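> Just passing along the structure, written as structure tokens.
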Amino acid sequence: MLSAEEWGIVVLSLKVGGVAVLATLPIAFALAWVLARYRFPGRLLVDGLVHLPLVLPPVVTGWLLLIAFGPLGPAGRWLESWFGVSVMFRWTGAALAAAIMALPLMVRAMRLSIEGIDRRYEGAARTLGAGRWHAFRTISLPLALPGVLAALVLGFARSIGEFGATITFVSNIPGETRTLPLAIYSALQVPGAEAMATRLALFSVALSLAALILSEWLVRRTHAGRVRHGD
Amino acid sequence: MAIEIDVAKRLGDRTIAAAFTAGPGLTALFGPSGAGKTSLLNMVAGLLRPDRGHIRIGERTLFGAGIDLPPEARRIGYVFQDGRLFPHRRVRANLLYGHDLAAPAERWMSLDEAAAFLGIAHLLDRWPRSLSGGEAQRVAIGRALLRGPEILLMDEPLSSLDAARRGGIMAVIERIRDELALPILYVSHDRAEVDRLATQVVAIGE
């Protein structure tokens with residue numbers, strides 16, 4: 001089983017991954033919605049920027065975050081002067097890096113699901129007395145739910161596995177920014193820590209597998225009710 | 001209650017234009033496919049904006065003279081060609097969707113009355129996906145009636161049904177026309193259907 005130190009690493013990873021996806025979810029949904037539904041100048045640019053972390057070397061993403069959120073960076077100075085906080089070398093910074101890396105996957109999953117919604121259902125809801133917002137809440141959002149759940153799980157799995165951007169941006173500090181992949185990497189650098197690396201690696205495999213099974217189950221459950229009386 | 005329609009709309013390279021007054025009973029909008037009959041219903045429902053003209057129900061202006069009511073404020077029941085039941089809600093929740101949103105004073109039918117009227121009481125706990133075409137169309141009609149509409153729009157509600165089920169739905173439409181005395185705008189390209197149901201026929205796209 002895992003030692004206390006290893007459990008600490010697992011808990012930190014879950015915290016970083018959980019905060020990253022939950023904080024990203026509304027932003028990712030809004031982006032997915034806008035990209036799926038609207039044609040506007042600059043749409044390709046927004047699409048490109050969202051997808052950039054998917055193709056950029058993670059180290060470059062980490063370095064860009066470092067420039068933006070460092071003590072002299074625009075975002076870093078703003079956070080410091082308004083809230084007196086810094087994400088540098090903090091677990092919040094690791095969550096930020098994970099969120100940026102998970103964003104493209106989450107947007108893609110939700111966008112596909114939003115594009116799959118038959119918009120005529122919204123029209124039907126409007127003729128039944130629903131305003132735009134009510135139609136969105138009661139029709140569009142529930143119909144997009146399988147995509148939202150898939151995005152959550154995919155994003156979470158991606159966040160837990162984040163390495164390059166994290167180590168570049170917030171370094172590899174035990175108890176603060178040393179998540180599972182960073183801990184495995186560190187263990188492999190130290191003679192005699194192979195057993196720890198193995199345990200953490202196996203745990204990663206189990207975690208990822210559980211996430212995939214969970215997402216599959218959630219998506220099936222969402223659909224199951226609708227065909228229960230199927231004939 | 002008279003429904004006064006005089007609208008024009010350019011869609012792509014064709015212009016859809018119609019001007020008529022529909023009285024009580026069932027007014028059939030009759031014409032070939034692609035004549036713009038469905039677009040006309042969508043304009044009345046508020047799902048499509050005319051380029052010019054006006055739409056009035058009695059004294060109430062839905063469109064024109066600077067007014068353009070959103071669909072939810074028009075008090076119109078719309079039965080779509082494909083039923084268009086919400087797939088993630090059971091029959092009961094589909095039926096009550098508009099009913100729950102309507103002001104109590106607007107409602108003139110209860111869930112039980114609608115279920116009995118349409119013979120769908122045994123379907124309330126089913127999912128739309130499990131309904132036959134005829135059952136789905138009855139539920140779609142019930143959903144539109146329970147919204148408390150002043151007029152009913154029907155877009156070829158029989159076109160996806162086989163001959164055996166058409167008779168049943170036609171009888172329902174006749175009872176809406178006669179017993180409920182609800183004005184109906186009815187789109188069709190089927191002569192026999194129009195002959196049987198229509199109080200008044202308006203030719204579209206000729």
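The values are calculated or read from the model by the stated rules, or taken from the named source; none is laboratory data. A quick note: this is a predicted structure, and the numbers were derived from the prediction, not measured. Because the Cβ atoms are built from the backbone with ideal geometry, glycine has one as well, and the counts that use them run over all protein chains shown.
> Identify, from the list A:LEU105, A:LEU128, the residue that is over 30 Å from B:VAL139 (Cβ atoms), free of Cβ contacts under 8 Å to residues at least 60 places away in the same chain, in contact with a Lys or Arg (Cβ under 8 Å, 6 or more places away or on another chain) and buried (at least 20 other Cβ atoms within 10 Å of the Cβ).
When all the criteria are applied, what remains is A:LEU105.
> Sort through A:ARG221, A:ARG226 and tell me the only one that's part of a helix (DSSP H, G or I), at pLDDT below 90 and within 12 Å of chain B (Cβ to nearest Cβ).
Checking each option against the conditions leaves just A:ARG226.
> Return the total of residues in the stretch B:56-94 being assigned to a loop (DSSP other than H, G, I, E, B) and closer than 25 Å to B:SER160 by Cα.
Selection size over the stretch B:56-94: 11.
> Okay, moving on. Could you please let me know if A:GLU122 is surrounded by fewer than 21 Cβ atoms within 10 Å (Cβ to Cβ) and within 22 Å of B:MET43 (Cα to Cα)?
The answer is yes for A:GLU122.
> Right, something else. Here are A:GLY155, A:GLY129: which of them is at pLDDT 90 or above, at positive phi and touching a helix residue (DSSP H, G or I) at 6+ places or on another chain (Cβ under 7 Å)?
Criteria check complete, one pass: A:GLY129.
> Further, regarding this structure: Any residue in the stretch B:22-45 that's at negative phi: show its pairings with residues that are among the basic types (Lys, Arg) and surrounded by fewer than 23 Cβ atoms within 10 Å (Cβ to Cβ) at Cβ separation under 6 Å, as long as the two are six or more apart or on different chains.
If the second residue must be among the basic types (Lys, Arg) and surrounded by fewer than 23 Cβ atoms within 10 Å (Cβ to Cβ), the pairs left are B:LEU26/B:ARG177.
> If you don't mind, another one. Give the residues of the stretch B:112-131 that are out of contact with any helix residue (DSSP H, G or I) (no Cβ under 6 Å at 6 or more places or on another chain), surrounded by fewer than 18 Cβ atoms within 10 Å (Cβ to Cβ) and on the phi < 0 side of the Ramachandran plot, sorted by residue number.
Answer for the stretch B:112-131, where residues must be out of contact with any helix residue (DSSP H, G or I) (no Cβ under 6 Å at 6 or more places or on another chain), surrounded by fewer than 18 Cβ atoms within 10 Å (Cβ to Cβ) and on the phi < 0 side of the Ramachandran plot: B:ASP112, B:GLU113, B:ALA116, B:HIS122, B:ASP125, B:SER130.
> So which helices (runs of 4 or more DSSP H) stay within the stretch A:88-204 end to end and still have 3 or more residues that are within 14 Å of chain B (Cβ to nearest Cβ)?
Details: elements: A:91-115, A:120-127, A:132-135, A:141-160, A:164-170, A:180-189.
Because the criterion is at least 3 residues that are within 14 Å of chain B (Cβ to nearest Cβ), the helices (runs of 4 or more DSSP H) in the stretch A:88-204 that meet it are A:120-127, A:132-135, A:141-160.
> Looking at B:GLY66, B:GLY25 in this structure, which one is at pLDDT below 95, small (Gly, Ala, Ser) and more than 21 Å from B:VAL172 (Cβ to Cβ)?
Going through B:GLY66, B:GLY25 in turn, just one is at pLDDT below 95, small (Gly, Ala, Ser) and more than 21 Å from B:VAL172 (Cβ to Cβ): B:GLY66.
> Output the residue which, of all residues in the stretch B:84-95 that are out of contact with any Pro (no Cβ under 9 Å at 6 or more places or on another chain) and surrounded by fewer than 21 Cβ atoms within 10 Å (Cβ to Cβ), is nearest to the other protein chains (Cβ to nearest Cβ).
The residue in question is B:ALA93.
> Tell me, please, whether a residue that is part of a strand (DSSP E or B) and away from every other protein chain (no Cβ under 13 Å) can be found in the stretch B:30-37.
yes
> Which condition number in (1) in contact with a helix residue (DSSP H, G or I) (Cβ under 9 Å, 6 or more places away or on another chain); (2) surrounded by 18 or more Cβ atoms within 10 Å (Cβ to Cβ); (3) in contact (Cβ under 8 Å) with a residue 24 or more places away in the chain is the one that B:GLN81 fails?
(2)
> Whether any residue in the stretch B:124-140 is touching a Gly at 6+ places or on another chain (Cβ under 8 Å), within 24 Å of B:ARG60 (Cα to Cα) and part of a helix (DSSP H, G or I) is what I want to check.
no
> Another one. Can you name the number of the only condition in (1) surrounded by fewer than 17 Cβ atoms within 10 Å (Cβ to Cβ); (2) farther than 25 Å from B:PHE30 by Cα; (3) not aliphatic (A, V, I, L, M) that B:ARG147 fails?
Tallying (1) surrounded by fewer than 17 Cβ atoms within 10 Å (Cβ to Cβ); (2) farther than 25 Å from B:PHE30 by Cα; (3) not aliphatic (A, V, I, L, M), B:ARG147 fails exactly one: (1).
> I've got another one for you. So, in the stretch B:11-21, how many residues would count as being at pLDDT 90 or above and either surrounded by fewer than 13 Cβ atoms within 10 Å (Cβ to Cβ) or under 16 Å from the mean Cα position of the chain (by Cα) (or both)?
Adding up the residues that qualify gives 1.
> Also, quick follow-up: Within the stretch B:40-61, take every residue that is under 18 Å from A:ARG132 (Cα atoms) and either touching a helix residue (DSSP H, G or I) at 6+ places or on another chain (Cβ under 9 Å) or not aliphatic (A, V, I, L, M) (or both) and give me the one that is farthest from the other protein chains (Cβ to nearest Cβ).
B:ARG49
> Please enumerate the residues belonging to the stretch B:104-130 that are away from chain A (no Cβ under 14 Å) and among the polar types (S, T, N, Q).
B:SER110
> Now a separate question. Only one of B:ASP155, B:ASP178, B:ASP162 is over 23 Å from B:THR38 (Cα atoms) and more than 8 Å from chain A (Cβ to nearest Cβ). Can you tell me which? Don't jump to the end; show me each part of the working.
Details: B:ASP155 fails: over 23 Å from B:THR38 (Cα atoms); B:ASP162 fails: over 23 Å from B:THR38 (Cα atoms).
Checking each option against the conditions leaves just B:ASP178.
> What about B:GLU135, is it modelled with pLDDT under 90 and buried (at least 19 other Cβ atoms within 10 Å of the Cβ)?
Values: modelled with pLDDT under 90: no; buried (at least 19 other Cβ atoms within 10 Å of the Cβ): yes.
Here the answer is no, as B:GLU135 does not meet what is asked.
> Name the one entry in B:VAL201, B:VAL172 that is under 29 Å from B:ASP6 (Cβ atoms), surrounded by fewer than 21 Cβ atoms within 10 Å (Cβ to Cβ) and not basic (Lys, Arg).
Working: B:VAL172 fails: under 29 Å from B:ASP6 (Cβ atoms).
None of the others qualify; the one that does is B:VAL201.
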